[in-house]
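Contents: one structure, followed by commentary.
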Amino acid sequence: MTTREECLELDRNDALAGLRDDFSLPPGVIYLDGNSLGARPRAALQRAREVVEQEWGTDLIRSWNKAGWFELPLVLGDKLAPLIGAGPGEVAVTDTTSINLFKVLAAAIHLQASNPERAGRRVIVTERANFPTDVYIAQGLAQWLGQGYALRLVDRPEDLEAAIDADVAVVMLTHVNYRTGRLLDMSALTRHAHAQGALTVWDLAHSAGAVPVDLNASSADFAVGCTYKYLNGGPGAPAFLWVAPRHLDGFQHPLTGWWGHANPFAMQPEFIPCTTIRSGLCGTQPTVSLSLVECGLDVFAKTDMAALRRKSLALTDLFIELVEQRCAAHPLELVTPREHAVRGSQVSFTHPHGYAVVQALIDKGVIGDYREPQIMRFGFTPLYIRFVDVYDAVEILARILDQRDYDLERARDAVT
């Protein structure tokens, strides 16, 4: 079994080790929940002070122009774009993932309905195990549209291609599954969808900043994602949306707020959409939250996704190896794929008392989280997780399991 000293040696030889200094991590904590909320970049505190004290406090409304608040959603979009294989002017950071998903899903349906050869298509395909908000948004939109629109839920990833047929208007998929960490083949599924005449919408919430993504090379149509997980934008930080350049001219969605207007300060009664990615915006932007997103994105400029992916796979390989060796006597089941090609940057194990075990880990300074049914999730953010963190986390998990040091009567928190 890999020793702790060997893990320390891996850290000494880690070319990304210095990036950990860019984050404020509390002492005595091993943070394995960056797949749910990323750690705080050190620069964020000072940036928040600047925005609140100077830009808002002193410059007041002048900061929309003077501090660049008005252009911030698109400036941030251009910073984020290289992480997801997008180009300049293709990404906007705005609103929430759910709202952005509604926009692009509605836009995709509109494009299909406007095409005489595809106007009769009424099916949206997604996985039953997709993140619930994605399913809910699609259900709500289908019900609102009526006219026979329906959601087709697929139970297994290997059945997705068969489910995408001539009735399908849009294929809406999450690139990395939030429970299992399974990574879908974006290029292959997009290619198949297009061959069947369907458009694709990709949710990158568990991909952006964690695994290499190339939207343009994959010929994807639309994408959304959040910035508060691996991108470390802060709790509730604005999400992002991407529209393939070939669709921008025809990009229309129902949330036609004034920030997506071609000339918002003309104050016209008629909505005239902007012809750029700005048309993906809706209402006035949350400037303080947007400003903090930049702090997380700036760290990525010091490395590249290929290097982060190599370390991510090494960390998750080590975690799987150590858990299976050190905790072999316990009823743990790995639900994350072993194969690198289909694994994101998290590892999930089931345990009959998963919630109680996760809470015991948190009490001892190892922060992961829990998802039904019985899934203990551990996220590995290569920017700040060390190999020795992996070793120490598994040792604490093993002691908890060996000693049954968890409370089955503990009440559930609102957020698990």
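Numbers at a glance
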item: Test: residue in the range 249-262 that is touching an Asp or Glu at 6+ places or on another chain (Cβ under 7 Å), modelled with pLDDT of 95 or more and open to solvent by less than 60 Å² (accessible area, probe 1.4 Å); result: no
item: Options L241, L231: the member that is at pLDDT 95 or above and assigned to a strand (DSSP E or B); result: L241
item: 2 or more residues within 24 Å of P27 (Cβ to Cβ) and in contact with a strand residue (DSSP E or B) (Cβ under 8 Å, 6 or more places away or on another chain): qualifying helices (runs of 4 or more DSSP H) within the range 263-374; result: 287-300, 354-363
item: Which listed residue is surrounded by 23 or more Cβ atoms within 10 Å (Cβ to Cβ) and of a type in the set (G, A, S), from G181, G197; result: G181
item: Identity of the residue in the range 141-169, free of Cβ contacts under 8 Å to residues at least 12 places away in the same chain, closer than 21 Å to H110 by Cα and part of a helix (DSSP H, G or I), that ends up least open to solvent (accessible area, probe 1.4 Å); result: Q143
item: Enumeration of residues in the range 266-283 that are under 18 Å from F102 (Cα atoms) and either among the acidic types (D, E) or surrounded by fewer than 20 Cβ atoms within 10 Å (Cβ to Cβ) (or both); result: P273, C282, G283
item: Any hit, the range 205-214, residues being closer than 21 Å to A307 by Cβ, part of a loop (DSSP other than H, G, I, E, B) and either more than 14 Å from the chain's Cα centre (by Cα) or among the acidic types (D, E) (or both); result: yes
item: Residue match in the range 389-409 (condition: charged (D, E, K, R), under 30 Å from F300 (Cβ atoms) and outside any helix (DSSP H, G or I)); result: no
item: Lone unmet requirement of (1) of a type in the set (G, A, S); (2) closer than 30 Å to L241 by Cβ; (3) outside any loop (DSSP other than H, G, I, E, B) for G18; result: (2)
item: V170 under 21 Å from the mean Cα position of the chain (by Cα) and closer than 12 Å to V125 by Cβ; result: yes
item: Enumeration of residues in the range 339-348 that are over 15 Å from T416 (Cα atoms) and either of a type in the set (A, V, I, L, M, F, W, C) or open to solvent by less than 10 Å² (accessible area, probe 1.4 Å) (or both); result: A341, V342, R343, G344, S345, Q346, V347
item: Residue pairs meeting the criteria (Cβ under 7 Å; at least 6 apart or on separate chains; first farther than 14 Å from I277 by Cα, in the range 76-89; second of a type in the set (S, T, N, Q)); result: G85/N216
item: Qualifying residue in the range 174-195 (condition: free of Cβ contacts under 8 Å to residues at least 12 places away in the same chain, assigned to a loop (DSSP other than H, G, I, E, B) and basic (K, R)); result: no
item: Failed item, numbered, when E333 is tested on (1) more than 26 Å from L19 (Cβ to Cβ); (2) loosely packed, with under 13 Cβ neighbours inside 10 Å; (3) under 19 Å from the mean Cα position of the chain (by Cα); result: (3)
item: Test: residue in the range 207-223 that is in contact with a strand residue (DSSP E or B) (Cβ under 9 Å, 6 or more places away or on another chain), open to solvent by 10 Å² or more (accessible area, probe 1.4 Å), modelled with pLDDT of 95 or more and of a type in the set (S, T, Y); result: yes
item: Residue satisfying all of: in the range 352-407; among the hydroxyl-bearing types (S, T, Y) and farther than 22 Å from R309 by Cα; most open to solvent (accessible area, probe 1.4 Å) among these; result: Y406
item: Where a residue in the range 1-22 is within 18 Å of R310 (Cβ to Cβ) and its partner, wherever it lies, is among the aliphatic types (A, V, I, L, M) and not in a helix (DSSP H, G or I), with Cβ under 6 Å and at least six apart; result: L19/L383
item: Index of the failed condition, N35 passing every other in (1) polar (S, T, N, Q); (2) surrounded by fewer than 21 Cβ atoms within 10 Å (Cβ to Cβ); (3) in a loop (DSSP other than H, G, I, E, B); result: (2)
item: Residue count for the range 111-139, restricted to those that are in contact (Cβ under 8 Å) with a residue 60 or more places away in the chain, outside any strand (DSSP E or B), more than 22 Å from P373 (Cβ to Cβ) and hydrophobic (A, V, I, L, M, F, W, C); result: 1
item: Any hit, the range 30-41, residues being of a type in the set (D, E) and under 29 Å from the mean Cα position of the chain (by Cα); result: yes
item: Qualifying position, being open to solvent by 90 Å² or more (accessible area, probe 1.4 Å) and more than 28 Å from V366 (Cβ to Cβ), among W64, W56; result: W56
item: Unique match (being open to solvent by 60 Å² or more (accessible area, probe 1.4 Å) and among the basic types (K, R)) among R309, R326; result: R326
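The values are calculated or read from the model by the stated rules, or taken from the named source; none is laboratory data. What you are looking at is a predicted structure, and each value in this text was computed from that prediction instead of being measured. Cβ: placed from backbone, ideal geometry, glycine included. Neighbour counts: every protein chain shown. Heavy atoms of the whole protein, side chains included, go into the accessibility calculation; ligands, DNA and RNA do not. Shrake-Rupley method; radii C 1.70, N 1.55, O 1.52, S 1.80 Å.
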